[in-house]
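J.: The structure follows.
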């Protein structure tokens, strides 16, 4: 696994491999999402207590899982970028962050739309909801920091540090429903002793989650390829500038 | 009520179920569209630049 990653970590090889994977990955994501939507809206039964409102679960719960998973990708990429200065790791982290923010937003809004009929409130300041809101702000802060400096290296390092500090929030989100009395229900899929949710709902849920994951993987590759293309374009632009015959004392093109 | 209208009514929860699916579709679909457009633009820019660099050589 480690050798596979280090082999892929060469940008030229990454472009080659991702270029071959994408034409399979993108249609697979679309196909699984369509199947998941069909199962969620037509096949899954209504809940005996929540009725048809339970169908919100199929877009809400996978979004929450992806919000956490993508943050792990951002944090891991940031750690590798900080320790080994690997350019692809930072590109991966920065390509993943807006996707994670989108999944977190979907989780928050669909949760609100589910909470109103079931709890009678759009929002409560309970541990689970608040910690997920913090996750959303961590994503936004990371994105803002990464783009805040003219020198992308400095911004990238500051953002990477923020991403690593924010990791502390992940176990808080995961265990918030066990540590505190929350309005939010406890987990019913990833728990000791197996899922408590019925198969008829678990399968559509897992298909939707797979669809979200494939979508994330496809978009991550697209965004990483974009970043590498843009980097290459910048390098070409710089090399196309007329180079001074002798090094000037102040090489800034603005002051010349 | 016809079968389709009954399904669309979502047992009275239509006002919550459909907006939830719409938000998920809009956010993830929008993210996909934006990523794809920027990707195409990056390819075009690169083609333009490497084309002009090639002609100067």
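No value in this document is a laboratory result; all are computed from the given coordinates. Predicted model, so just to flag it, every value in this text is computed and none were measured. With ideal geometry, Cβ positions are generated from the backbone for all residues, glycine too; neighbour counts draw on all protein chains shown.
J.: Using the Kirkwood radius over Cα pairs, work out the Stokes-Einstein diffusion coefficient for the stretch A:166-206 at 25 °C and 0.890 mPa s, in µm²/s as a whole number.
T.: It comes out at roughly 209 µm²/s.
J.: If each Cα of the stretch A:56-154 is one equal point scatterer, what is log10 of I(q)/I(0) from the Debye formula at q = 0.11, 0.22, 0.23 Å⁻¹?
T.: The calculated log intensity ratios at q = 0.11, 0.22, 0.23 Å⁻¹ are -0.38, -1.06, -1.12.
J.: Could you line up A:59, A:124 from fewest to most neighbouring Cβ atoms inside 10 Å?
T.: Ascending Cβ contact count within 10 Å gives the list A:124, A:59.
J.: Take the Cα radius of gyration of the stretch A:42-111 and divide it by 2.2 N^0.38 Å, with N its residue count; two decimals is plenty.
T.: 1.51
J.: Treat each spin label as a single point 7 Å out from the Cα along the C-beta direction, and report the residue A:121 to residue A:149 distance in nm.
T.: Those two pseudo-labels are separated by 4.1 nm.
J.: More than 14 angstrom separation, counting every C-alpha pair in the stretch A:120-197; what % is that?
T.: Percent of Cα pairs beyond 14 Å in the stretch A:120-197: 68.
J.: Mind running the shape call on the stretch A:10-69? Use the C-alpha gyration tensor, a ≥ b ≥ c as the square roots of the eigenvalues: rounded below 1.5 for a/c, prolate if a/b tops b/c, oblate otherwise.
T.: Cα axes put the stretch A:10-69 in the oblate bin.
J.: How far is helix A:11-38 tilted, in degrees, relative to the longest principal axis of the Cα atoms in chain A, given as a value from 0 to 90 rounded to the nearest 10?
T.: Helix A:11-38 and the main axis of chain A meet at about 20 degrees.
J.: Now for a separate question. How many Cβ atoms of partner chains, on average, are near each residue of A:103-114 if near means within 10 Å of its Cβ?
T.: 5
J.: Would chain A count as rounded, prolate or oblate if I go by the C-alpha gyration tensor, calling it rounded below 1.5 in a/c and otherwise prolate when a/b exceeds b/c, oblate otherwise?
T.: Since a/c reaches 1.5 and a/b is larger than b/c, the shape of chain A is classed as prolate.
J.: I would also like to ask the following. I need the Debye-formula profile for chain B: one equal scatterer per C-alpha, no solvent, reported as log10 I(q)/I(0) at q = 0.26 1/Å, two decimals.
T.: Values returned for q = 0.26 Å⁻¹ are -0.95.
J.: On to the next question. Quickly rank B:7-20, A:201-214, B:38-51 as a protection proxy: mean count of other C-beta atoms within 10 Å, highest first.
T.: A:201-214, B:7-20, B:38-51
J.: Right, here's the next one. Please compute the alpha carbon radius of gyration of the stretch A:36-83, then divide it by the globular-protein estimate 2.2 N^0.38 Å. Two decimals is fine.
T.: Output field value: 1.74.
J.: What is the calculated FRET efficiency for residue B:7 to residue B:33, with r their C-beta to C-beta distance and R₀ = 22 Å, to the nearest 0.05?
T.: Once rounded, the FRET efficiency stands at 0.20.
J.: Using alpha-carbon pairs under 8 Å, 6+ residues apart, how would you state the relative contact order of chain A in percent?
T.: 28
J.: Taking the Cβ-Cβ separation of residue A:41 and residue A:79 as r and a Förster radius of 35 Å, what is the calculated FRET efficiency to the nearest 0.05?
T.: Here the calculated transfer efficiency is 0.30.
J.: Taking only the alpha-carbon atoms of the stretch A:178-237, what semi-axes of the equivalent ellipsoid follow from 5 times the gyration tensor eigenvalues under a square root, in whole Å, largest first?
T.: 41, 16, 8
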